[in-house]
Structures are given as C-alpha cells and as structure tokens.
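> Take a look at the following structure, please.
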Amino acid sequence: MRNSWFEVSGVRLPRVLVGTSPFIGAGQFGARSYAYYRAFYNRPERVAEVISACVELGVMGVQALPYEFIVKAIKLAQAEHGLELVVVATIGPEDPLGDLELYEGLDVRAVLTHGALTDVASGPELEALLEMARETVPLAGYVTHEPMGALKRLEAGELPRPDLIMLPFNKLGYLMDASPIEIAETLRHLGLPAIGKKVLAAGRLGPREAFEFALRFGVLSGLAIGIVSRREAEETFGALASILAITGWPGA
C-alpha cells in the first residue's frame, strides 16, 4: 500500500486512511463502543500508538475527526516517524468553522462536512462552507450517513458539487440507505471521487471479504478504515495489501 495514491484536481491523497471513529467510541461499534471510548478518548498517546502501527504498514493518511486529542495524536505519530501524514479532515456538525482552526499545523488536503451536517443542511449553507474551506485547503466535500439521499440531492442539483465524498459502503448494507449496487451505479453516473467508510461494517465483516466486495465495483478511490490495535492493523492492512498485489486498485 505504500505509495498508493489517487488525485483529485491535481491534489494527491492516500488511497488508505486511518479512520478515527473508534477513538471517540462512535455508536456504530455497538457493544464495543464504550470499551473503545474508555481506551482512547482524550488519550492521545494511546491513539498515536495505533496510528504509528498503521504508518509502519504503509498507511500515510488519517481521516480525522475534530477533536484536540486526535490532532495531538497525529502530531505525536508524525514526530515518532519523522514524517508528515496527509489528513482528510472532518468539520462540524456544531462548529465547522472553528473546527478548521483545530487542524492548523497539519497537512490537511481535504475538508469534509460531517454527515450529521451534510444530511440536514441546505444547499446554500453547504456551498458557503465549501467555499470557506477552499480558502485554506485544496479540496472540500462531504461525509454523508445517507449516501443515496446525498447522491440524489447532487443529481437533482440541490447540493453544490463537492470535490469528493465519503460514504458508507459495505456488503451488508450496514448503515446505508440503499444497496451497494444502487449506490455504485449512482456514483458512476455522477463521476464523483468517493472514499468508502464502514467498509468492514464496524467489524461485522472479515477484512478480505469486505475489501474484495467493496473494491470490485471500481467506484471507490480510497478507503477510511478504523483500527484499534497493532494486531488489528496487521490483519486488516495485510489482507488489503494481498488483494491489491493481485488485482491492483480497481478502477485506477
């Protein structure tokens, strides 16, 4: 996976990002959410250990949520390895403009509005946020929790076109509002660069099964994958690397 990148409007982004949802104990992890919260929330050193393990396996980007301890963890991991990680940063839902300032000092190449904001805000509201984000970073776009809903709004011209979109995409249809086939067809029609999240359905799918399914459609330019330990990183990214060694990145 090392040196695996894609480009959007001339801006290079890693195809694989470390997701940070486990570090805040996000609800999609069900019974494990509280354990993750206790292990990682406001504990940047613990988060940095996980990010560092991923870096050692060739992952050079982070999909960051707007929390100070996550930003600190990224900086700790960078200092340990003597390199700069690429950040795809989420802003909102409460204070998206304030969140932009939180990421100062990081190599933020894309800013995405949080799904809880994207899925309820009006087109003009989102257009204003994208324009303000592009004043400080090269790319701006959306995270959505309702992928088909957001894509249909884009098709209808209700939302301004983003540079890229991050959306859930998995074999089980977990936390998706349409089938993967329907979403893939709509993404293909729109020609919109997409990063897949929840590809492992929050641990309900094994890595090999999850990746083989998600990548076969050729519509995902990248993946954001939540990791909670070195062992999980080795298993997860090892499976992805072995698939890519045979097939390459579908659609690239």
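> Out of the residues in the range 108-123 that are within 15 Å of the chain's Cα centre (by Cα) and not in a helix (DSSP H, G or I), which is surrounded by the fewest Cβ atoms within 10 Å (Cβ to Cβ)? Steps first, answer last, please.
Initially, the range 108-123 is screened for residues within 15 Å of the chain's Cα centre (by Cα), giving 108-116, 118.
Okay, now just the ones that are also not in a helix (DSSP H, G or I), so 108-114.
Values: Val108: 20, Arg109: 18, Ala110: 26, Val111: 27, Leu112: 27, Thr113: 27, His114: 21.
Per the criteria, the residue is Arg109.
> Looking at (1) in a helix (DSSP H, G or I); (2) free of Cβ contacts under 8 Å to residues at least 60 places away in the same chain; (3) open to solvent by less than 40 Å² (accessible area, probe 1.4 Å), which is the one condition that is false for Val137?
Against the list (1) in a helix (DSSP H, G or I); (2) free of Cβ contacts under 8 Å to residues at least 60 places away in the same chain; (3) open to solvent by less than 40 Å² (accessible area, probe 1.4 Å), Val137 comes up short only on (1).
> In addition: Based on this model, can you work out whether Phe29 counts as in contact (Cβ under 8 Å) with a residue 60 or more places away in the chain, within 29 Å of Leu244 (Cα to Cα) and not in a helix (DSSP H, G or I)?
Values: in contact (Cβ under 8 Å) with a residue 60 or more places away in the chain: yes; within 29 Å of Leu244 (Cα to Cα): yes; not in a helix (DSSP H, G or I): no.
In short, no.
> Where in the range 41-104 are the helices (runs of 4 or more DSSP H), entirely inside, with at least 3 residues that are under 19 Å from Ser229 (Cβ atoms) and open to solvent by 10 Å² or more (accessible area, probe 1.4 Å)?
44-56, 68-81
> Now for a different question. Condition first: in contact with a Lys or Arg (Cβ under 8 Å, 6 or more places away or on another chain) and either assigned to a loop (DSSP other than H, G, I, E, B) or of a type in the set (Lys, Arg) (or both). Now tell me which residues in the range 1-24 satisfy that.
Once the filter is applied, which keeps residues that are in contact with a Lys or Arg (Cβ under 8 Å, 6 or more places away or on another chain) and either assigned to a loop (DSSP other than H, G, I, E, B) or of a type in the set (Lys, Arg) (or both), the range 1-24 yields Met1, Ser4, Arg12.
> Now a separate question. Between a first residue in the range 103-130 that is closer than 19 Å to Arg161 by Cβ and a second residue that is hydroxyl-bearing (Ser, Thr, Tyr) and open to solvent by 40 Å² or more (accessible area, probe 1.4 Å), which pairs have beta carbons less than 8 Å apart while being 6 or more apart in sequence or on different chains?
Every condition considered, the pairs that remain are Val111/Thr136.
> Can Ile246 be described as without any contact (Cβ under 8 Å) to a residue 60 or more places away in the chain and either under 19 Å from Thr20 (Cβ atoms) or out of contact with any strand residue (DSSP E or B) (no Cβ under 6 Å at 6 or more places or on another chain) (or both)?
Yes: the conditions hold for Ile246.
> Among the residues of the range 159-184 satisfying the criterion of being among the acidic types (Asp, Glu) and within 20 Å of Ala210 (Cβ to Cβ), which is least open to solvent (accessible area, probe 1.4 Å)?
Asp177
> Okay, moving on. Please state which of the following conditions Glu212 fails to meet, knowing it meets all the rest: (1) closer than 24 Å to Val8 by Cβ; (2) modelled with pLDDT of 95 or more; (3) out of contact with any Gly (no Cβ under 6 Å at 6 or more places or on another chain).
(1)
> If Pro250 meets every condition in (1) open to solvent by less than 10 Å² (accessible area, probe 1.4 Å); (2) over 14 Å from the mean Cα position of the chain (by Cα) apart from one, which number is that one?
Result: Pro250 passes all but (1).
The values are calculated or read from the model by the stated rules, or taken from the named source; none is laboratory data. What you are looking at is a predicted structure, and each value in this text was computed from that prediction instead of being measured. When we count neighbours, we look across all protein chains shown, and the Cβ atoms used for this are built from the backbone with ideal geometry, even at glycine. Note: areas computed on protein heavy atoms with side chains; ligands, DNA, RNA excluded. Shrake-Rupley method; radii C 1.70, N 1.55, O 1.52, S 1.80 Å.
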